[in-house]
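A.B. asks: Attaching a single structure in C-alpha cells format; questions to follow.
Nothing in this text is a laboratory measurement; each read-out follows from the coordinates by a stated rule. Model, not experiment: these values are computed from the prediction. FYI the Cβ positions are ideal-geometry reconstructions off the backbone, even for glycines, and counts take in every protein chain you see.
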Amino acid sequence: MHSYNLSHIKELESESIFVMREVAALFEKPVLMFSGGKDSIVMTHLAAKAFYPAKPPFPLLHIDTGHNFPETLEFRDRLVKKLGVQLEVKTVQESIDKGRVKEEKGPNASRNSLQIVTLLDALEALGADAALGGARRDEEKARAKERFFSHRDEFGQWDPKKQRPELWNLFNSKKEMGEHFRVFPLSNWTELDIWQYIAYEKIDLPVLYFTHEREVVNRNGTLLAKSDFISLLEGESYETKQIRFRTIGDMTCTGAVESKAFSVEDIVEEVAAARVTERGGRADDRRSETSMEDRKREGYF
Amino acid sequence: MMDYTKTKNYLDMDLLRFTTAGSVDDGKSTLIGRLLCDSKAIFEDQLEAVEQSSKQRGDGYVNLALLTDGLKAEREQGITIDVAYRYFATPRRKFIIADTPGHVQYTRNMVTGASTANLAIILVDARKGIIEQTCRHSFIASLLQIQHILLCVNKMDLVDYDEGVFNKIVEDFTEFASRLEVPHMDFVPISALHGDNVVEPSANMPWYRGAPVLYTLETVYCGNEFNHVDARLPVQWVIRPQNHQFHDFRGFAGRIAGGVFKPDDEVMALPSGFTTRVSGIHTLDGDLDEAFAPMSVSLTLRDELDVSRGDMLVKPHNVPKVSQDFDAMICWFSEDQNLQTGRKYVLRHTTKEVKCVIKDIRYKVNINNLHKIEDDLNIGLNDIGRISVRASSPLFYDPYRRNRLTGSFILIDEMTNDTVGAGMIL
C-alpha cells in the first residue's frame with residue numbers, strides 16, 4: 001500500500017515553509033534577520049522554496065557589528081545577489097557614533113549585546129512589524145520556551161511569563177502599534193537536523209565552517225581567531241591550529257573547534273559525535289547562567 | 001545497529017511528538033532528563049552546567065529538572081512555568097517532547113502541549129496512585145484526540161517494586177479511562193531516578209513482561225496523525241511572480257490539512273463553490289505527482305478562479321461543513337476574564353480570521369470526573385465547556401475528531417490581543 005508518511009526532515013521543512021508564508025500574509029513589513037551563519041542561510045533557502053517561483057517578499061536585515069569575519073560578508077553579498085532580494089545593513093558603529101550605545105571595555109569586550117539597540121533601531125527605522133529569525137529551541141534553555149510567533153512590546157522586550165499559548169498551527173499575530181513579533185520558523189530543528197538538511201539540499205556555506213589553518217588564542221578554553229578586535233593578555237600567545245567554526249558570530253566571541261572536517265558529510269559525523277553543544281564555544285553565553293534569557297528579554301535575537 | 005547519522009538513514013526517520021504530564025514531584029523532569037541523557041541528547045557542557053547549579057542549590061544530587069527549567073523564575077521557585085520543547089533522536093526515530101507543568105493552574109499549558117502531540121506520557125506516583133490530576137491530564141489528552149497514552153507508574157523503588165501496587169493502579173486507571181476516547185494505552189512500572197524500565201528493562205521487576213518506555217516510544221504507530229481521506233487545502237498566500245518567465249503564474253500556496261491532491265484532480269474552491277482542475281503541484285525542486293498532509297505546496301488551477309487567503313480548496317464530492325453556526329468544546333485560558341456569552345471575539349481557524357460571538361454556554365465539564373455541570377456556567381481560567389458559536393462569515397470545517405487541523409480554532413480577545421481560548425469543533 002502507498003504510504004502517506006513524511007520523513008521528519010520533510011515535515012520540519014514543510015512546517016518552516018508554512019510559518020514563513022503565514023508571516024508574509026499576516027504582517028505588513030516583515031524582514032528576515034540574516035547573520036551569515038548556517039541557520040540564517042538555511043532560512044533563506046527555505047524562503048526561496050516557500051515563495052517559488054516568486055522571490056521572498058521580504059528583505060534581509062543584517063546587523064553588522066563591525067567585528068564580522070570578512071568571509072561572512074563576502075558570502076552574504078554573493079547570496080543576496082543569487083536570491084535577488086534586497087539587503088538592509090545597519091551597523092553597531094553607527095549606534096556607537098550616535099551615542100545610542102557605549103562600547104564595552106577590557107580584553108573580553110564584545111559588541112554582541114550592543115547589537116540589541118542597533119537591531120531595535122533598525123526595525124523601527126524600517127517600520128518592520130515582524131522579524132524572522134533562525135533561532136532554534138535546542139540551542140539554549142531560554143530558547144526552549146520560545147514560541148514560533150514571539151510577541152515583543154513597544155520596547156522590543158520579551159516577557160517569558162506572559163507568552164501567548166500556541167496551539168495546533170494557529171498563530172496569534174495581533175499586536176498594538178509599535179509592537180512587533182519575532183518569528184522562528186526553525187524552532188523545532190536541532191543542530192543535527194540543520195546539518196543533515198544542508199547535506200541533503202547541498203546548500204552552500206561560508207568557508208569558515210570547514211577545516212582550515214588559522215592563528216588562534218586559547219582564552220578560558222575558547223579558541224578565538226586572531227583579529228584586530230582581539231588583544232592578547234599577559235601570558236597568551238597565538239598558535240596556528242587546524243580549526244573550523246561550529247557557529248559564526250562576532251570574531252570577538254565565536255570560539256573555534258579543532259577539526260579536520262573537510263566536507264558537510266564530515267561535519268555531520270562530527271556533530272553527531274559531539275559531546276558539547278554548539279553554543280558551548282560562545283563566550284557570550286558563558287557570562288552567566290541566564291545570560292541568554294537576560295539578553296532576550298531586552299530584545300536580542 | 002543502523003547508523004542514523006548517515007544522511008540517508010537520518011532523512012528516512014519519522015517523527016513522534018509527545019507530551020508529558022504529571023503532578024508536581026511525580027518525577028517528570030527526571031524521566032525526561034534520563035531519556036535525554038541515555039539517548040545522548042544532553043551534551044557535556046549542559047550536564048556540567050546542571051551539576052554546577054545543583055551543587056549551588058544544595059540539591060544533593062544532579063537535579064536533571066534543571067535541564068528543562070530554563071527561566072530564572074522557574075529555577076528560583078523550583079517549578080516549571082511554561083511548555084518547554086525538547087528534542088532527541090534514537091536510530092529509529094526523532095522525538096519532540098512538549099514538557100508541560102503539572103500544577104493545577106497550568107492546565108492551559110497541557111492543552112497547548114497536547115495540541116500537537118501524537119502520544120501523551122502521564123506519570124503517576126506509585127505511592128499515591130490515580131489522583132485527580134491524573135484524571136484531568138488523561139481527559140485533556142482524550143479531548144485533544146491524542147491517540148496513545150503511556151501511563152508510567154513512577155517511583156516503584158519506593159514501593160519495593162511491588163507488582164500488586166502496579167496492578168492496582170493499572171486497574172484503577174483502566175476503569176476511569178473507559179470513559180475516554182483514547183484507542184491505545186500502555187502501562188509501564190518505572191523508577192525514573194534509578195533508570196528502571198526507562199531505556200533498559202529493569203532487573204528489579206522481573207514480573208513486568210512489557211517493553212521499557214523508550215522502546216515503546218520508538219515503536220508505537222504514529223502514521224495516523226493526519227487525515228489522508230478528506231482533501232483540504234486552506235489557502236495561505238497567492239504566489240504571483242512579477243517576472244516574464246512566470247507571467248501568468250498564480251500559485252495557491254498552503255499546507256495540506258487533509259487528503260491527497262494530484263494533477264488533473266477536480267477541485268472546488270470555497271466559499272465560491274466553483275470547480276476546476278489542478279493543473280500542477282509546484283515546488284522549487286520540481287513538480288510533484290501528488291501532495292498530502294502535512295506538505296507545504298502550491299497548486300495551480302486550470303481556470304482562473306477568484307481564490308485568496310482564507311479560502312479552501314477541496315474535492316467536489318467530499319466537502320467540509322460550511323456554516324456560521326457550530327458547537328465546540330472550549331478550553332479557557334484567560335486569567336483576567338471569564339468567557340462571556342454575547343461578547344465578540346476574534347476567531348482564527350485554518351488560515352481564516354473572522355469575528356464571532358458566543359451564543360450559549362451549554363455546560364461545563366468537571367475535568368476530574370468528566371461530569372457535566374449545568375448549574376454553574378462560569379467558564380474561567382483552565383475550565384473546559386461546551387459552547388455554541390456564531391461566526392461573522394461561514395467557516396469550512398470538519399469535526400475535530402475527524403481532522404485536528406480543520407476542526408480547531410483559537411479565540412483572541414480584541415482588547416488585550418491575548419489568546420483566550422482553544423476550541424475543538426464538534
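A.B. asks: Quick check on region A:28-183: of the DSSP beta bridges with both residues there, what percent are antiparallel, nearest 5%?
C.D. replies: Working: 5 of 18 bridges.
Of those bridges, close to 30 percent are antiparallel.
A.B. asks: Give me a comma-separated list of calculated 3J(HN,Hα) values for region B:90-98, in order, Karplus coefficients 6.51, -1.76, 1.60 applied at θ = phi - 60°, integers in Hz, x for any Gly or Pro.
C.D. replies: After applying 6.51 cos²θ - 1.76 cosθ + 1.60, I find 10, x, 8, 8, 9, 10, 10, 9, 9 Hz.
A.B. asks: With just the Cα atoms defining each centre, how far is region B:204-276 from region B:87-144? Give it in Å.
C.D. replies: Centre-to-centre distance over Cα atoms comes out at 25 Å.
A.B. asks: For peptide A:12-21, what's the mean number of Cβ atoms from other chains within 10 Å of each residue's Cβ?
C.D. replies: 5
A.B. asks: Antiparallel DSSP bridges in the protein assembly as shown: what percent, to the nearest 5?
C.D. replies: Here the antiparallel bridges make up roughly 70 percent for the protein assembly as shown.
A.B. asks: Please compute the contact order of chain B in relative form: average sequence separation of alpha-carbon pairs under 8 Å and at least six residues apart, divided by the residue count, as a percent.
C.D. replies: Relative CO of chain B lands at 11 percent.
A.B. asks: Please state the relative contact order of chain A as a whole percent: Cα pairs under 8 Å, 6+ residues apart?
C.D. replies: Value for chain A: 19 percent.
A.B. asks: Let me know the mean shielding of A:178-191 by other chains, meaning the per-residue number of their Cβ atoms within 10 Å of its Cβ.
C.D. replies: Mean inter-chain Cβ contacts per residue within 10 Å come to 1.
A.B. asks: While we're here: Spelling out what I want: for every residue of region A:125-131, take phi, set θ = phi - 60°, compute 6.51 cos²θ - 1.76 cosθ + 1.60 (Karplus), and round to whole Hz; glycine and proline get x.
C.D. replies: For region A:125-131, the Karplus-derived couplings read 4, 7, x, 6, 9, 8, 10 Hz, x marking Gly and Pro.
A.B. asks: Amide H to amide H, which residues 5 or more places from residue A:104 or on other chains are under 5 Å from it, using H placed in the peptide plane?
C.D. replies: It is A:110, by chain and number.
A.B. asks: Given N residues in chain A, what is Rg(Cα) / (2.2 N^0.38 Å)?
C.D. replies: Normalised Cα radius of gyration, chain A: 0.99.
A.B. asks: Then there's this: Sorted from largest to smallest, which semi-axis lengths in Å does the alpha carbon gyration tensor of region B:169-304 give for its equivalent ellipsoid, taking the root of 5 times each eigenvalue?
C.D. replies: The answer is 49, 18, 11 Å, longest axis first.
A.B. asks: From Cα pairs below 8 angstrom and at least 6 apart in sequence, can you work out the relative contact order of region B:321-425, rounded to a whole percent?
C.D. replies: This gives 38 percent for region B:321-425.
A.B. asks: Taking the DSSP beta bridges in chain B as the whole, what percent of them are antiparallel, to the nearest 5?
C.D. replies: Expressed as a percentage, antiparallel bridges in chain B total about 75.
A.B. asks: When the Karplus curve 6.51 cos²θ - 1.76 cosθ + 1.60 is applied with θ = phi - 60°, which whole-Hz ³J(HN,Hα) does each residue of region A:46-62 get, with x for Gly and Pro?
C.D. replies: Rounded to whole hertz, the list is 5, 5, 4, 5, 5, 10, 3, x, 7, 7, x, x, 8, x, 8, 10, 10.
A.B. asks: For a quick protection proxy, order the peptides A:111-123, B:305-317 by their average other-Cβ count within 10 Å, most packed first. Intermediate results must be reported in sequence, preceding the final value.
C.D. replies: On the way: A:111-123: 21.8, B:305-317: 17.9.
Order by mean packing, descending: A:111-123, B:305-317.
A.B. asks: Still on this structure, please answer the following. Under a 5 Å amide H to amide H cut-off, with H placed in plane at 1.01 Å, what residues pair with residue B:260 once short-range neighbours are removed?
C.D. replies: Amide H neighbours of residue B:260, under 5 Å, 5+ apart: B:231.
A.B. asks: Arrange B:364, B:372 by Cβ neighbour counts within 10 Å, fewest through most, would you?
C.D. replies: So the ranking, lowest neighbour count to highest, is B:372, B:364.
A.B. asks: Would you grab the residues whose amide H sits under 5 Å from the one on residue A:130? Only those 5+ places off in sequence or on another chain, please, with H modelled 1.01 Å from N.
C.D. replies: Those lying under 5 Å, H to H, from residue A:130 are A:29, A:31, A:181.
A.B. asks: Further question: Once each part is reduced to its C-alpha centroid, what is the distance from region B:299-372 to region A:68-94 in angstrom?
C.D. replies: Spelled out, the Cα-based centre of one part sits 43 Å from the other.
A.B. asks: Okay, next question. Quick check on region A:205-284: what does the Kirkwood estimate of hydrodynamic radius come out to from the alpha carbon pairs, in Å? Working shown, then result.
C.D. replies: Details: mean 1/r = 0.0774 Å⁻¹.
By the Kirkwood definition, the hydrodynamic radius is 12.9 Å.
A.B. asks: Across peptide B:342-351, what mean number of C-beta atoms from other chains lies inside 10 Å of a residue's C-beta?
C.D. replies: Average neighbour count from other chains, rounded to a whole number: 2.
A.B. asks: Counting each DSSP H run of 4 or more residues in the protein assembly as shown as -39500 (n - 2.57), what helix-only mean residue ellipticity at 222 nm follows after dividing by all residues, to the nearest 500 deg cm²/dmol?
C.D. replies: -7000 deg cm²/dmol
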